[in-house]
1. Give the range 538-566 a look and list any residue that's farther than 20 Å from SER657 by Cα and more than 9 Å from the ligand (Cβ to nearest atom), or say none.
2. Which of the residues that make up the range 576-602 are within 16 Å of the ligand (Cβ to nearest atom) and among the acidic types (Asp, Glu)?
3. For the range 437-450, name all the residues that are loosely packed, with under 14 Cβ neighbours inside 10 Å and either part of a helix (DSSP H, G or I) or touching a Gly at 6+ places or on another chain (Cβ under 9 Å) (or both).
4. Hey, ARG414 hits all of (1) over 15 Å from ARG500 (Cβ atoms); (2) among the charged types (D, E, K, R); (3) at pLDDT 85 or above; (4) open to solvent by 70 Å² or more (accessible area, probe 1.4 Å) but one; which does it fall short on?
5. List every residue pair whose Cβ atoms lie under 6 Å apart, where the two residues are 6 or more positions apart in sequence or sit on different chains, the first residue falls within the range 429-454 and is farther than 17 Å from ARG469 by Cβ, and the second residue, located anywhere, is acidic (Asp, Glu) and in a helix (DSSP H, G or I).
6. Tell me which residues, restricted to the range 658-684, are away from the ligand (no atom under 16 Å from the Cβ) and either assigned to a loop (DSSP other than H, G, I, E, B) or buried (at least 21 other Cβ atoms within 10 Å of the Cβ) (or both).
7. Only one of GLU658, GLU600, GLU632 is at positive phi and out of contact with any Pro (no Cβ under 6 Å at 6 or more places or on another chain). Can you tell me which?
8. Give me the residue from the range 615-648 that is in a strand (DSSP E or B), touching a residue at least 12 places away in the same chain (Cβ under 8 Å) and more than 16 Å from the ligand (Cβ to nearest atom) and, out of that set, farthest from THR524 (Cα to Cα).
Amino acid sequence: MCGAYPPFFRFTDPYSIPTLIVTTLRQNWHLKSVVAREWGKGMGVSLNAHHLLVAGVVPLAIVIAAVAIVRGGEAGSLRAQAFAQQQQAAIDEAAPLDAAIDVHFDTLTRLRSQLSSLAVLPVAARQLSADDPTVNALFAVSPNGRIQVHGAQRPTALQIPDQELMTWLGGSATAYLSVPVQSNATGTPMIAIAVPWRDAPQQAGLIGLQIDLSDEPALRALTHPATHPGTKRCLHAGGQVLQINARTDGSVRLDPVSDCSPPAPAAAPWLDHLFPVGDVTAYVPLPHTGWMLERTTPAREAFAPFRAAQATLGIVALAILAISLGTAWWLFRLLMQPLRELQRLTALTEPGTRPPPATEITALTDAFRHSLIHLRRRVRLVTHACDHATQVAERATLTADLFPDLAGLIGPDRCFIHVNKPHEALFGKPASAIIGRPVHELWGHESFAEMEPFLTQALQGSAATFTMRHGPPRTARWLETTYQPVLTPETGDVRAVHFRVRDLTTERHNALRLQREVQTDALTGLLNRRGFNFRLERALARTSGDGGAITLMYVDLDRFKEVNDTYGHAVGDELLRTFAQRLTHAVRSNDALGRLGGDEFVILIEGDEAAYTDRVARAVLACAQLSFNLREHWVEIGASIGIASGRGGEKTVHQLSEEADAALYQAKRDGKNCFRRFRISAAA
Ligand SMILES: Nc1nc2c(ncn2[C@@H]2O[C@H](COP(=O)(O)OP(=O)(O)OP(=O)(O)O)[C@@H](O)[C@H]2O)c(=O)[nH]1
């Protein structure tokens, strides 16, 4: 912690909050959004970067508006309005005085045209004084400088300096006006006005009026105003400055002053626009006299009419100040929110450690920065793991899809979790239509009943494999299904069952075909020795349980060698094939027929009905005795038959074969073309 200031205000600290915020906001707009969102979350509102922008712009706009109002107030400021008002008041005051002087000039001009000689001057003076009490005296100035003054009421000696007189005389002006002067005798303010006058071509002079300003109504109005008693008025005339003062007796006096000049213009204080304190001075020229009235009104009086406006401006200023302060406080709260959030997040990301208090901002930001680094590292690891898992999943899906067998996952609820492409192909449904559906819905109740025990076994944790036929008989398919439970490593519970279904139909058909080929005699299409023995073994095994009877019949053609020798092997083969065909018509469909080799045939009959076996033996003999038409040769042969019977479990294949062979031998010995049954005595 620093000594003088809290670290929050140390902008030079790269980890201080202002530096972090400013840097972050500058560098990345996205981060601004994140910051805004986090702030908003902390405050329970939805914020974005634009709100931040508004939060920054609104106070700025308020300040700009305030400045504009103040500057606008300056443009039409109270002072300007007060000055205009005072200026108008000064004009209203000065205009009557100027007009009165002008009227006197008119009077004098008229008198000049009527005045025939100076001799009538006293009469004219009395007349004028009677008509106008302000006319104190009528005077005439001769070219030689002699002044005649004829006053009516209070004649006052008019002192006109010689130099000034000579100036008057030498000039060519049409009218003359003195500065206001004060009578030495009465102390009253006076002025003299004069116009050139001639009573003869050689004689020229002036006639003028001495006007008592103390009786001038306009001047009285100036010095006894009804309003603004504190207002000072100065009359500037011919370079002199005279202050017009009203005396207690009602008379007017002109006093030379030294402080009645306009003050040097000074820069108005800033607050003067809202709360003006300076006096207001107006200057008004009098056009007929050339004088100028300076009118200074104290601020208190000048701005009295604008008090209401001042109050309004003050309220507006206070309101702006309050809004600005409120906005500043809100912004401050907004800026401090991340600190609280930092503290909370630090506590979350560093479990077990106590976060520094929010006041220790540098420590807090450091802790948060470290937390963020850890978090970022973890996020990277998790992201990497996610990517890896996604790749593995994609590879697994691809592998499963390329796998020729049906594969997938079934959940504990016996619904599909996943199926591969071959699965989709077999059922003609997309994975999306299969996943989530129960197994029995896809396989049908009949097949499901067959597979259900194995599925239950797998769901209980044991793998199971079984083969079943699926589909109608003509198009049935043989499917080998393996259920493999998928366990949860931590608990060992079965979370799913992986299934794999192999289509064994082709394989099975091939095996059957191979089996048929291996067990079939290529020449006749009957069973060969291997096939027949296999069939005989199965029959013996079958009857060993129930004690059923089996009859074995050996058939050997007579004189077959002669056929070979006479017509050749091909004809012999044809005879063998023809005889085999005839045999198939001589036995039942469930009796087995075979050729053991050469001209030896064999018949297996399940059961030992003598009548039936005799009938078969005779039918076989007939088949052999019937002439064979072989390649346009009629061939006659015969057959000898040996018969042996036994019950299941009594005899072996070998025993039965030997007995049948013995019986056959007996038939041969008895002259051929007959059949004999095996008898033990005979064998012995
Ligand atoms: N055409 C043909 N002849 C065969 C075949 N296998 C064996 N033979 C012949 O069949 C004959 C069988 O001989 P035997 O049974 O002793 O002769 P047989 O004339 O029938 O004698 P008996 O049985 O005493 O009447 C032999 O000449 C064999 O060469 C075969 O696949 N095709």
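1. Within the range 538-566, GLY545, ASP546, THR566 qualify.
2. ASP599, GLU600
3. If the condition is that a residue be loosely packed, with under 14 Cβ neighbours inside 10 Å and either part of a helix (DSSP H, G or I) or touching a Gly at 6+ places or on another chain (Cβ under 9 Å) (or both), then GLU441, HIS445, GLU446, ALA449 are the ones that fit.
4. Result: ARG414 fails condition (4) only.
5. The qualifying pairs are PRO430/GLU424; ALA431/GLU424.
6. Kept after step one, since they are away from the ligand (no atom under 16 Å from the Cβ), are these residues of the range 658-684: 658-659, 677-684.
Residues satisfying the conditions are GLU659, ARG677, PHE678, ARG679, ALA684.
7. Details: GLU658 fails: at positive phi; GLU600 fails: at positive phi.
Result: GLU632 is the single residue among GLU658, GLU600, GLU632 that is at positive phi and out of contact with any Pro (no Cβ under 6 Å at 6 or more places or on another chain).
8. Narrowing the range 615-648 to residues in a strand (DSSP E or B): 628-630, 633-635, 638-647.
With touching a residue at least 12 places away in the same chain (Cβ under 8 Å) added as a condition, the list becomes 628, 630, 633, 635, 638-647.
Now narrow it down to the ones that are more than 16 Å from the ligand (Cβ to nearest atom): 643-647.
Details: ILE643: 22, ALA644: 24, SER645: 26, GLY646: 28, ARG647: 30 Å.
Filtering the range 615-648 for residues that are in a strand (DSSP E or B), touching a residue at least 12 places away in the same chain (Cβ under 8 Å) and more than 16 Å from the ligand (Cβ to nearest atom), the one farthest from THR524 (Cα to Cα) comes out as ARG647.
The values are calculated or read from the model by the stated rules, or taken from the named source; none is laboratory data. As the structure is a computational prediction, the values presented were derived from the model and not from experiment. Cβ: placed from backbone, ideal geometry, glycine included. Neighbour counts: every protein chain shown. Accessible surface areas use protein heavy atoms only, side chains included; no ligands, DNA or RNA. Shrake-Rupley method; radii C 1.70, N 1.55, O 1.52, S 1.80 Å.
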